[in-house]
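Asker: Can you read through this structure? Questions will come right after.
The values are calculated or read from the model by the stated rules, or taken from the named source; none is laboratory data. Bear in mind that the values here come from a model prediction, so they are computed numbers and not experimental data. Backbone-built Cβ (ideal geometry, glycine too); neighbour counts: all protein chains shown. What goes into the accessible areas is simple: the full protein's heavy atoms, side chains included, and nothing from ligands, DNA or RNA. Shrake-Rupley method; radii C 1.70, N 1.55, O 1.52, S 1.80 Å.
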Amino acid sequence: MSAVPIMASMAAAALTDGSETVVKPAPSKVRKNVQHLRKAGNLMVRWSTWGLKKAGNLGWAVGTSMMILVVPVVLDIIRDQELTDHMIQQEALEQFQKQQSATVVGGAPPSGMGIPGMPAPPPMSETPAK
């Protein structure tokens with residue numbers, strides 16, 4: 001087998017194993033790579049820690065602001081909606097009661113109340129005097 005050219009900057013030893021050539025970097029190069037990886041890893045850990053702390057602070061600020069500013073507004077809106085719903089139910093009940101009072105025999109519907117689909121009752125006639 002022919003020798004595989006080795007890059008001078010790698011300072012590696014070439015080993016021939018049958019049909020393949022295995023290149024091993026020098027131990028000093030491995031140490032340098034490990035040191036660079038550790039430095040990069042430590043840098044990433046510091047950045048991640050800083051980012052998580054800032055995100056936690058931001059989350060806390062947003063959460064407390066929501067509790068102080070937004071929650072009372074939402075509760076007020078819900079209370080107004082419930083009041084409106086109650087008023088609508090009350091009006092429906094009053095309308096129903098007016099319709100019921102208008103159907104009493106001989107009774108006339110209240111003035112100013114137009115009940116759709118319900119004709120006005122005929123006027124009460126006086127009994128003729130004999």
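Here is a yes/no grid of residues against (1) loosely packed, with under 10 Cβ neighbours inside 10 Å; (2) of a type in the set (A, V, I, L, M, F, W, C); (3) at pLDDT 90 or above:
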{"position": "GLY56", "(1), (2), (3)": "no, no, no"}
{"position": "TRP60", "(1), (2), (3)": "no, yes, no"}
{"position": "VAL73", "(1), (2), (3)": "yes, yes, yes"}
{"position": "ASP80", "(1), (2), (3)": "no, no, yes"}
{"position": "MET87", "(1), (2), (3)": "no, yes, yes"}
{"position": "GLN90", "(1), (2), (3)": "no, no, yes"}
{"position": "LEU93", "(1), (2), (3)": "no, yes, yes"}
{"position": "GLY112", "(1), (2), (3)": "yes, no, no"}
{"position": "ALA120", "(1), (2), (3)": "no, yes, no"}
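Asker: Next up: On the basis of being within 18 Å of the chain's Cα centre (by Cα), hydrophobic (A, V, I, L, M, F, W, C) and open to solvent by 100 Å² or more (accessible area, probe 1.4 Å), does LEU37 make the cut?
Answerer: Criteria not met by LEU37.
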